[in-house]
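J.: Attaching a single structure in structure tokens format; questions to follow.
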Amino acid sequence: MRTPGHLLGLVGAIVVSVLVLALFGAICVLLFLRAIPAESRDAALIMLGALAGSETTVVCYWLGSSLGSMHKTEILKDQGKAT
């Protein structure tokens, strides 16, 4: 059974994931559409690199073992209540 705390955590994960993916996409689009001033180029590329790492983490969370581990924990909790 899902608790309100669990749902709040899930909503938080969704919001953070959408935010990271939107920022990563926006920076990528801006890098292709606009010329970056020479004095800001390094900062823009550092930001892109940091967002790329965060984007990878988001994808691994939703498609990797973290989500599976969360489901396993829910199943084990349900089995413990049923016995």
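The values are calculated or read from the model by the stated rules, or taken from the named source; none is laboratory data. This is a predicted model, so every value here is computed, not measured. Positions of Cβ are generated from backbone atoms using ideal geometry, with glycine treated the same way; all protein chains shown enter the neighbour counts.
J.: Is there a residue in the range 62-71 that is more than 21 Å from L10 (Cβ to Cβ), out of contact with any helix residue (DSSP H, G or I) (no Cβ under 7 Å at 6 or more places or on another chain) and free of Cβ contacts under 8 Å to residues at least 12 places away in the same chain?
T.: Checked against the condition, which is being more than 21 Å from L10 (Cβ to Cβ), out of contact with any helix residue (DSSP H, G or I) (no Cβ under 7 Å at 6 or more places or on another chain) and free of Cβ contacts under 8 Å to residues at least 12 places away in the same chain, the range 62-71 yields no hits at all.
J.: Looking at T57, T73, which one is hydroxyl-bearing (S, T, Y), under 20 Å from the mean Cα position of the chain (by Cα) and part of a helix (DSSP H, G or I)?
T.: The unique qualifying residue is T57.
J.: Also, I was wondering about something else. Hey, can you tell me all the residues within the range 14-27 that are of a type in the set (V, I, T), surrounded by 12 or more Cβ atoms within 10 Å (Cβ to Cβ) and within 8 Å of the chain's Cα centre (by Cα)?
T.: V16, V20
J.: Moving to a separate point now. Among the candidates A52, A35, which residue alone is out of contact with any Ser or Thr (no Cβ under 6 Å at 6 or more places or on another chain) and not in a helix (DSSP H, G or I)?
T.: A35
J.: While we're on this one: Do we have any residue at all in the range 28-48 that's loosely packed, with under 10 Cβ neighbours inside 10 Å, out of contact with any strand residue (DSSP E or B) (no Cβ under 9 Å at 6 or more places or on another chain), of a type in the set (G, A, S) and modelled with pLDDT under 90?
T.: The answer is yes; a qualifying residue exists.
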